[in-house]
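Colleague: One structure follows; several queries about it will come next.
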Amino acid sequence: EDPWITLRDHSTSVRAGEVLYGGNKFGNIHASNVLPVNNGANVWIRLTDHGEKVKERCEEAKKGMAGWQLVRHVPAGHVWHPATDKLMGSDVYGKESHDEAAPAWSIRFENINYDEFMFATGDCQKWLVAKKDAVFGWYSNNPRDIVESSISNKPYKARWYRRANNKEDPWISITDHSAAVHAGEIVYGANSFGNVHASNVVAVHNGADVYVRLSPDGAAAEAKCNKMHDGWSLVRHVPPGLSWHPAEDQLIGAEVYGPAGDADKAWTVRWDQRDYDEFIFSTGDCQKW
């Protein structure tokens, strides 16, 4: 006969005639205190303005609008993404496709300039947007910032996992991880992890996708950084990875190594004999400088 939907606590509402829903033709005062005297009962549904906008946000990403690019996909099934790269974007597998039924695939996106992720189910019913900085880092059941999601158009936090020694991490969810597992609100998992973590979401929401983009604020920061580069000479570079520049010259500019101009490799040119009086230190995506 569940669920029982009431205006106040169940026990009080039964006697006060404030039960609004019951099932399985249940009678007793649960029904007699309401249905005969209030002309029966109805159930209504609607898609709110927020609901319409919520789905539109995800649909925009699916169409490649608003700067979003699809970079990783897993079809409907009982396992999560095969990737084990901690969402760094280094894993490449499968054949890129916009067909929701396509086998799991991922393109390389570690060299794409982006500052936001969108994690979404294939049917766009569940999704969230988070900054790259919120997704990266090491954490275990810690609150992480969410920009917006299918349940809120305002920023909030949820507890996620991204542990160094757990291949199935990160776990990205709309609500706190422990509750999200059973509520079907996980939007990213890895290492082909199954269990209810996947079957409550991937199997019933037409798979799941990962999108990246450079946000409007990020694009503005990049433009400012790029404008500052006018008249500047790039002299040292290190690509995405887990270690800093190989140089040991204390920034004197005496070392030379690597193929200059190659974005995929560390390199430096000699500049100790050049005439200069300022440095710019910046990340490759110009988000920090």
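Colleague: What does the C-alpha gyration tensor say about the overall shape of the stretch 174-289? Classify as rounded when a/c is under 1.5, otherwise prolate if a/b is larger than b/c, or oblate.
Modeller: On the way: a/c = 3.85, a/b = 2.47, b/c = 1.56.
Verdict is prolate for the stretch 174-289.
Colleague: Continuing with this model, one more query. For the stretch 212-252, report the convex hull volume of the alpha-carbon atoms normalised per residue, in Å³, without decimals.
Modeller: On the way: hull volume 4.4 nm³, N = 41.
Convex hull of Cα atoms, per residue: 108 Å³.
Colleague: Which net charge results for the neighbourhood of residue 156, defined as the other residues with beta-carbon distances under 14 angstrom from its beta-carbon, given Lys and Arg at +1 and Asp and Glu at -1?
Modeller: Values: positive: 131, 144, 154, 157, 159; negative: 145, 148, 176, 185.
That works out to +1.
Colleague: Over all pairs of distinct alpha carbons, what does the Kirkwood formula give as the hydrodynamic radius of the chain, in Å? Before the final figure, lay out each step's value.
Modeller: Working: mean 1/r = 0.0447 Å⁻¹.
Mean inverse Cα-Cα distance, inverted, gives 22.4 Å.
Colleague: Looking at the chain, identify the longest residue range that excludes and avoids all trypsin sites (Lys or Arg not before Pro) in DSSP loops having at most 14 other Cβ atoms within 10 Å.
Modeller: 168-264
Colleague: Which one, 139, 256, 177, projects farthest toward the positive side of the charge dipole computed for the stretch 135-289 from Cβ point charges (K/R +1, D/E -1)?
Modeller: So the residue furthest toward the plus end is 177.
Colleague: Can I ask one more? Got a sec? Charge dipole of the chain, +1 on Cβ for Lys and Arg, -1 for Asp and Glu; which of 107, 149, 218 is way out at the positive end?
Modeller: 149
Colleague: For the stretch 155-204, how big is the tail of P(r) above 12 Å, as a whole percent of Cα pairs? Mind dumping the intermediate values first?
Modeller: Details: 723 of 1225 pairs.
So the pairs more than 12 Å apart make up 59 percent of the total in the stretch 155-204.
Colleague: If you place +1 on the Cβ of every Lys and Arg and -1 on the Cβ of every Asp and Glu, how big does the dipole about the Cα centre of the chain come out, in debye to the nearest 20? Don't skip to the end; give the middle numbers.
Modeller: Numbers: 31 positive and 39 negative charges, 164 e Å.
In debye, rounded to 20, the chain gives about 780.
Colleague: Please build a GNM for the chain, connecting alpha carbons under 10 Å apart, and tell me which residue among 114, 161, 276 fluctuates the most.
Modeller: Sorting by GNM fluctuation, first place goes to 276.
Colleague: May I ask you to list the aspartates and glutamates whose Cα is less than 14 Å away from that of residue 63, ignoring any residue fewer than eight positions away on the same chain?
Modeller: Answer for residue 63, where 14 Å is the Cα cut-off: 99, 100, 123, 209, listed by chain and number.
Colleague: Could you give log10 I(q)/I(0) at q = 0.14, 0.16, 0.23 Å⁻¹ for the stretch 97-216, computed by the Debye formula over C-alpha point scatterers of equal weight, without solvent?
Modeller: -0.55, -0.74, -1.61
Colleague: Residues with amide H under 5 Å of residue 140's amide H, sequence separation 5 or more or different chain, H placed in the peptide plane at 1.01 Å from N; which?
Modeller: It is 162, by chain and number.
Colleague: Among 205, 30, 237, which one shows the biggest mean-square fluctuation in a GNM of the chain, springs joining Cα atoms closer than 10 Å?
Modeller: Highest fluctuation of the listed residues: 30.
Colleague: Check which residues have an amide H placed less than 5 Å from residue 173's amide H, if you skip close sequence neighbours.
Modeller: Distant-sequence amide H within range of residue 173: 187.
Colleague: On to the next question. Nothing charged except the Cβ atoms of Lys and Arg (+1) and of Asp and Glu (-1): what's the magnitude of the dipole of the stretch 1-133 about its Cα centre? Round to the nearest 20 debye.
Modeller: That gives a dipole near 180 debye.
Colleague: Percent relative contact order of the chain, based on C-alpha pairs within less than 8 angstrom and at least six residues apart? Present the calculation step by step, with values, prior to reporting the outcome.
Modeller: Values: 548 pairs, mean separation 45.2, N = 289.
Relative contact order here is 16 percent.
Colleague: May I pose another question? Counting only Cα, what are the radius of gyration and maximum Cα-Cα distance Dmax of the stretch 1-122, in Å?
Modeller: 24.0, 67
Colleague: Next up: Pairs of alpha-carbon atoms within less than 8 angstrom and 6+ residues apart define the contacts here; what relative contact order does the stretch 145-289 have, in percent? Working shown, then result.
Modeller: Working: 177 pairs, mean separation 18.0, N = 145.
It rounds to 12 percent for the stretch 145-289.
Colleague: Put +1 on the Cβ of each Lys and Arg and -1 on the Cβ of each Asp and Glu in the chain; which of 128, 117, 284 then has its Cα farthest toward the positive end of the dipole?
Modeller: 128
Colleague: Pick from 233, 215, 152: which is most flexible by mean-square fluctuation in a GNM of the chain where alpha carbon atoms under 10 Å apart are linked?
Modeller: Taking springs between Cα atoms under 10 Å, the residue moving most is 233.
Throughout, read-outs are computed from the coordinates displayed, never taken from laboratory work. Please read these numbers as outputs of a predicted model, since none were measured by experiment. Every residue, glycine as well, gets a Cβ built from its backbone with ideal geometry; the counts of neighbours run over all protein chains shown.
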